[in-house]
Amino acid sequence: MTALFVPRLAGVLFAFTFIGLAAPRWCSGHGGVSMENDLCKLRAGPYVLHFTGYQPQSAPELEFCEDIPDTGYTLIVLDYLDPTLRDLPVEARIIRDTGDESDLERITVYHKPAAVYPRGSFVIEHTFPEPGRFVGLIKVGDQVSRFPFAVGTRGRRALMLYTFFAAAALGVGGLLFLYASRRA
Amino acid sequence: MNRLQFLVLTTLLFIASLIFTSPAAAHGERNQEPFLRMRTTHWYDVTWSADTVKVNDEIELRGRLYVFADWPKHLFELQAVYLNLGTNGPVFIKVATYLNDVPMMQSTEVEYGKTYDFRIVAKARTPGRHHVHPMINIEDAGPLLGPGKWIEVTGNADDFVYPLKTLDGITIPNLETWQLGTVFRVHAYWLILAFVWLGWWFRRGPSLLPRFRALITGREDILFTKADRLVTAALIVIVLFSVAYGMISTNSKYPRTSALQGGRVRVFPLPDNAEQVVVRHAKGVYQVPGRSLQLTLRVTNRTAQAVRLGEFTAANLRFVNQGVPAAVAGVPTGYPEDLIARNGLVVTPDEPIPPGETREITVEAADAAWETERLASLMGNPDSSYGALLFFFDAQGKRSVSEVSGPAIPSFTAL
């Protein structure tokens with residue numbers, strides 16, 4: 001390794017980080033729901049809805065997208081970004097993620113029948129008694145959006161954040177230590 | 001990393017930032033804070049004279065501008081304002097603007113709690129589909145946009161011309177390109193002169209450190225040679241002569257000119273309506289899941305006729321009471337649909353308020369637009385007071401406009 005290896009490696013890592021952050025990303029880990037340009041969106045075919053989740057009893061200040069932080073009373077509001085949605089029926093179903101969707105009724109934990117909402121908002125109210133993995137099915141007209149999600153992820157998310165920042169700090173510290181050693 | 005590697009890397013990063021940018025669309029006004037959009041300027045009765053125009057055609061925006069009395073003065077006081085046209089770049093040319101028929105080539109001052117008629121004349125310049133708003137710029141603060149409508153401009157951009165005739169008879173065939181050659185030539189002349197001057201000082205290679213060393217060793221005498229002094233003198237002569245020549249030749253070609261105006265135009269507001277409906281905020285709740293603003297208001301009818309609440313408008317969103325025909329008629333055909341709440345306004349009780357009576361009413365304005373227009377984030381603002389205009393109508397359709405503002409508290413109960 002030459003004396004310039006560490007600064008060059010740091011420069012390359014920085015460049016890739018910058019390019020990666022500059023590039024738009026489409027995450028599909030949660031099916032039809034994703035963060036796009038700082039807005040949580042649910043896609044059902046050509047239709048786009050704004051997805052906002054609330055848990056007013058456990059975290060009234062928090063809005064969530066995708067996974068649900070705690071168990072308990074949960075509100076999910078879908079706001080229509082496309083005016084044509086106000087004339088279409090919308091239906092919602094939440095099922096347990098068992099891997100087998102042949103009998104939806106058996107694994108359904110929540111169902112709101114299809115109806116038209118000219119006000120432009122569709123609300124899902126449900127209480128999750130326990131953590132677990134679920135799948136949301138939103139049917140807009142004849143288009144269905146499927147989004148898997150987990151309930152009770154708050155502790156895990158915090159752990160992931162701490163782990164990430166610890167790893168980043170260790171990485172930066174390690175690079176600086178190697179660089180300083182080389183210089184000496 | 002050597003210089004070449006660094007140059008290559010920065011070039012790649014720059015190209016990456018250009019390639020990976022997202023496309024921009026309309027509705028940038030959603031980025032403005034909700035209290036700014038609700039408690040500063042209110043635009044109503046706004047009309048656009050056409051939906052589709054050709055390049056070179058003119059359109060006219062008309063309407064009323066109300067300056068909110070409960071202006072967020074803790075942030076910025078209202079000083080000079082400038083009436084403008086809000087579009088995505090110079091796709092329209094602003095031909096003329098008026099406030100109460102006073103031409104607005106310059107800035108002016110407006111008063112809190114007053115109303116002004118506005119008129120904006122614009123000429124289509126660039127083909128495409130453009131979102132066109134009336135706009136007002138506030139000194140030291142920024143722009144405040146009125147409602148926007150999509151206008152289609154057809155034709156060819158190369159066909160755009162902007163002819164003018166000056167007061168002393170000079171005909172300008174196209175202001176877009178008039179005297180551009182002269183502008184480029186003058187800029188090129190001064191740029192070349194500047195580079196020659198810089199080049200003279202840097203022609204011998206490293207020039208900063210040797211000069212620095214000469215200074216710290218007390219050898220300032222070697223910093224300037226005889227040749228340097230001769231070149232400097234020649235440049236001074238050339239610069240002075242160039243400036244004088246430019247001034248004399250321009251003055252002889254255009255002897256009659258007027259300075260760019262730095263003053264302000266004075267405009268008087270429309271007279272206050274002697275008969276008013278006075279509204280006071282009593283309670284405000286924003287039902288978060290239902291996207292519903294629910295207000296309790298105390299309304300005092302000081303007009304001579306019984307009135308009903310016909311419309312609630314805030315941040316260019318209109319909630320119209322479908323049970324008041326005059327209010328429904330106040331939404332012209334072709335008005336931007338995304339600014340009209342589908343469910344309208346629910347007023348309880350909705351019976352007419354007799355003259356002289358004070359009544360407490362509840363008003364519900366519910367629509368997903370509170371969220372999609374990013375107005376619900378008002379709840380998280382340091383200043384979470386809403387602001388709105390209320391339109392009351394009597395049986396003959398005569399309208400009274402009132403302002404209301406107050407705090408709104410978020411709630412998750414009772415969908």
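Where a number appears in this text, it was derived from the coordinates with a stated rule and is not lab data. Model, not experiment: these values are computed from the prediction. Cβ: placed from backbone, ideal geometry, glycine included. Neighbour counts: every protein chain shown.
Summary table below
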| item | result |
| --- | --- |
| Area projected by the alpha carbon convex hull of region A:101-184, averaged over all directions, nm² | 10.3 nm² |
| Amide H partners (placed H, <5 Å) of residue B:79, local residues excluded | B:139 |
| Charge sum, other residues only, whose C-beta stays under 12 Å from residue B:361's C-beta, Lys/Arg counted +1 and Asp/Glu -1 | 0 |
| Amide H within-cut-off set for residue B:374, under 5 Å, with H built and near neighbours excluded | none |
| Stretchable slack from residue B:259 to residue B:152, in nm (0.36 nm times residue separation minus alpha-carbon distance) | 34.8 nm |
| Surrounding net charge for residue A:101, when Lys and Arg each add one and Asp and Glu each subtract one, Cβ distance under 15 Å | +2 |
| Partner chain coverage, peptide B:284-290 - average Cβ within 10 angstrom | 3 |
| Distance (nanometres) between label positions extended 7 Å along Cα→Cβ at residue B:337 and residue B:129 | 1.3 nm |
| Sum of -39500 (n - 2.57) over DSSP H runs of 4+, divided by residues of chain B (222 nm, nearest 500) | -7000 deg cm²/dmol |
| Ratio Rg/Rh, restricted to region B:149-253 and using Cα atoms, in which Rh is the Kirkwood radius | 1.26 |
| Translational diffusion coefficient (Stokes-Einstein; Kirkwood radius from C-alpha pairs) of region B:314-365 at 4 °C, 1.567 mPa s, in µm²/s | 105 µm²/s |
| Region B:336-415: C-alpha gyration tensor shape, a/c 1.5 cut-off, then a/b vs b/c | prolate |
| Inter-probe distance in nm under a simple model that places probes 7 Å from Cα toward Cβ, at residue B:14 and residue B:216 | 3.3 nm |
| FRET efficiency estimate (nearest 0.05) - Cβ-Cβ, residue B:180 to residue B:236, R0 35 angstrom | 0.70 |
| Cα-projected label distance for residue B:161 with residue B:270, points at 7 Å along beta-carbon direction, nm | 3.9 nm |
| DSSP-loop GluC sites (Glu not before Pro) across region A:74-118, with at most 15 other Cβ within 10 angstrom | A:101 |
| Cross-link reach list, lysines versus residue B:398, counting only Cα pairs under 23 Å and skipping chain neighbours closer than eight places | B:114 |
| Choice from B:92, B:312, B:14 with maximal GNM fluctuation in chain B (Cα, 10 Å cutoff) | B:14 |
| Per-residue mean of C-beta atoms belonging to partner chains within 10 Å, peptide A:123-129 | 1 |
| Overall form of chain B per C-alpha gyration tensor (a/c, 1.5; a/b vs b/c) | prolate |
| Volume per residue that the Cα convex hull of region B:369-415 spans, once the total is divided by residue count, Å³ | 124 Å³ |
| Within a Gaussian network of chain B (alpha carbon springs, distance under 10 Å), most fluctuating of B:41, B:362, B:217 | B:217 |
| Average projection area in nm² (convex hull over Cα atoms of region B:22-133, one quarter of hull surface) | 7.9 nm² |
| Helix axis angle, B:226-253 relative to chain B longest principal axis, alpha carbon, degrees | 50 degrees |
| Mean separation of Cα contacts under 8 Å, 6 or more apart, over the residue count of chain B: relative contact order % | 16 percent |
| Lysines whose Cα lies under 18 Å from that of residue B:253, excluding same-chain neighbours fewer than 8 positions away | B:165 |
| Residue among A:174, B:97, B:279 farthest towards the positive dipole end of the protein assembly as shown, charges placed on Cβ | A:174 |
| Surrounding net charge for residue B:296, when Lys and Arg each add one and Asp and Glu each subtract one, Cβ distance under 9 Å | +1 |
| Whether region B:263-385 is rounded, prolate or oblate, judged on the alpha carbon gyration tensor where a/c under 1.5 counts as rounded | rounded |
| Using a Förster distance of 22 Å, the FRET efficiency for residue B:249-residue B:106 (Cβ separation, nearest 0.05) | 0.15 |
| Histogram of C-alpha separations across the protein assembly as shown, 10 Å bin width, % | 3, 12, 17, 19, 18, 15, 10, 5, 2, 0 |
| Of B:61, B:12, B:144, the one that fluctuates the most in a GNM where chain B has Cα springs shorter than 10 Å | B:12 |
| Nonlocal amide H pairs with residue A:48, under 5 Å, H built at 1.01 Å | A:81, A:82 |
| Full-extension gain in nm, residue B:207 to residue B:278, via 0.36 nm per residue minus C-alpha separation | 18.1 nm |
| At R0 = 56 Å, FRET efficiency that the Cβ-Cβ distance of residue A:103 and residue A:172 yields, to 0.05 | 0.60 |
| Tilt relative to chain B, helix B:3-19 - C-alpha long axis, 0 to 90 degrees, to 10 | 30 degrees |
| Alpha carbon convex hull of region B:97-224, volume per residue in cubic angstrom | 293 Å³ |
| Average beta-carbon neighbours from other chains, 10 Å sphere, peptide B:368-376 | 5 |
| Note, ³J(HN,Hα) from phi for region A:94-101, Karplus 6.51, -1.76, 1.60, rounded to Hz, x at Gly and Pro | 10, 10, 6, 7, 9, x, 10, 10 |
| Peptide ranges B:367-375, A:122-130, B:260-268 listed from the most packed, as the mean C-beta count within 10 angstrom indicates | B:367-375, A:122-130, B:260-268 |
